[in-house]
2 protein chains.
Amino acid sequence: MRVLGIDPGLTRCGLGVVEGTPGRPLSLVGVGVVRTPADQPVAQRLVAIEAGIEEWLDRHRPDAVAVERVFAQHNLRTVMGTAQASGIALVVAARRGLPVALHTPSEVKAAVSGSGRADKAQVGAMVTRLLRLTEAPKPADAADALALAITHIWRGGAQARLDAAVAAARRPTTTAGRRP
Amino acid sequence: MRVLGIDPGLTRCGLGVVEGTPGRPLSLVGVGVVRTPADQPVAQRLVAIEAGIEEWLDRHRPDAVAVERVFAQHNLRTVMGTAQASGIALVVAARRGLPVALHTPSEVKAAVSGSGRADKAQVGAMVTRLLRLTEAPKPADAADALALAITHIWRGGAQARLDAAVAAARRPTTTAGRRP
């Protein structure tokens, strides 16, 4: 499974592609950042972010896209731009029919480091270790995008196993009625 | 000048097209709302909003687009969806090379009613009067979209006159150097 993780932002939008299946070593496919100049109108910046994500989807053909869920409580100053960029990420992926998932920062931190309150350095260190890199990807937005992709592969795997178990449990009974 | 006003929102995205020039009676070209079901994933809802705005641009061919500027301070519960929808509106317009402007709710209220603290009913009443309608457009999101378009026509006119004055003032001098 190949996943594009997107850490949305107007100034720096982190992009990271990881390939793997749960329980096996993961591999880095690509990592980078789309930057847009702060003195450009927001509409132009969003168009550049859209084009950047489109290019990454064309180049890396992921099976799914994972986007960081943005909360209004944090960073009031930048949150609107972040939310707008996340909207663009969701639309670009959904328009292509790709499965899109949102993961919260705590879910991502917990998935890669075991603690939902891990700091940037810990996340960077774990991404470096899990992908067997020689150094942590820079900037932090790029490392966060990879952590999102890793989280998605691991959670997706767990979800797939749950779905399979549910399907197996339901097999002998009638398929009529509503899905549980 | 024909302007599409967009009052962004995930559940109801107001759209209103107004034609006119400053100082002359305005006319209503079209008004409506794109609705998306709350039980759909956000990515799907944003794709539906994008398609709805594209359709309105195709049908009404506006010269410019005016979008309400969203602030993080208000309605923390819904502001993220609103910001995402506004990002879509900005991208759809900018992708076509249309001029896009953001107007704050206070600017819109002040433009159509004379007070930046006017309530929904006042804005609805003024939109009805200015466009010579028999009743206020419903829901409020539709009326707000029309108010945005009206604001843009009026402010755009003022801006155009300012630009012309600046251009006229600069004409006799050298054009070298930075723009003021």
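The values are calculated or read from the model by the stated rules, or taken from the named source; none is laboratory data. Predicted model, so just to flag it, every value in this text is computed and none were measured. Note that we place each Cβ from the backbone using ideal geometry, even for glycine, and neighbour counts take in every protein chain shown.
Being of a type in the set (Ser, Thr, Tyr) and under 11 Å from A:Gln84 (Cβ atoms) is the filter here; which residues of the range B:55-100 pass it?
B:Thr82, B:Ser86
Among (1) modelled with pLDDT of 90 or more; (2) part of a loop (DSSP other than H, G, I, E, B); (3) among the charged types (D, E, K, R), where does A:Arg178 come up short?
(1)
When you scan the range B:62-120, how many residues do you find that are in contact with a Gly (Cβ under 6 Å, 6 or more places away or on another chain) and closer than 22 Å to A:Ala89 by Cβ?
Qualifying residue count for the region: 5.
Would you check if A:Gly87 is crowded, with 18+ Cβ neighbours inside 10 Å and out of contact with any helix residue (DSSP H, G or I) (no Cβ under 7 Å at 6 or more places or on another chain)?
When the stated conditions are applied, A:Gly87 does not pass them.
Among what's in the range A:19-71 and is among the acidic types (Asp, Glu) and in a strand (DSSP E or B), pick the residue that is nearest to the other protein chains (Cβ to nearest Cβ).
Selected residue: A:Glu68.
Out of everything in the range A:72-84 that is within 17 Å of the chain's Cα centre (by Cα) and at the interface with chain B (Cβ under 7 Å from one of its Cβ atoms), what residue ends up being surrounded by the fewest Cβ atoms within 10 Å (Cβ to Cβ)?
Filtering the range A:72-84 for residues that are within 17 Å of the chain's Cα centre (by Cα) and at the interface with chain B (Cβ under 7 Å from one of its Cβ atoms), the one surrounded by the fewest Cβ atoms within 10 Å (Cβ to Cβ) comes out as A:Ala83.
Taking the criterion of being more than 23 Å from A:Ile6 (Cα to Cα), in contact (Cβ under 8 Å) with a residue 60 or more places away in the chain, surrounded by fewer than 24 Cβ atoms within 10 Å (Cβ to Cβ) and touching a strand residue (DSSP E or B) at 6+ places or on another chain (Cβ under 6 Å), would at least one residue in the range B:45-52 satisfy it?
no
Taking the range A:86-100 as the search range and keeping residues that are under 18 Å from A:Ala48 (Cα atoms) and under 13 Å from the mean Cα position of the chain (by Cα), which one is farthest from the other protein chains (Cβ to nearest Cβ)?
Among residues in the range A:86-100 that are under 18 Å from A:Ala48 (Cα atoms) and under 13 Å from the mean Cα position of the chain (by Cα), the one farthest from the other protein chains (Cβ to nearest Cβ) is A:Ala89.
Where the second residue is of a type in the set (Asp, Glu) and the first is assigned to a helix (DSSP H, G or I) and lies in the range B:111-132, which pairs have Cβ atoms under 7 Å and are six or more apart or on separate chains?
That search, which allows pairs on different chains as well, returns B:Val123/B:Asp144; B:Thr128/B:Glu135.
What is the residue count in the range A:111-128 for residues that are at pLDDT 95 or above and surrounded by fewer than 16 Cβ atoms within 10 Å (Cβ to Cβ)?
Residues that pass the stated criteria total 0.
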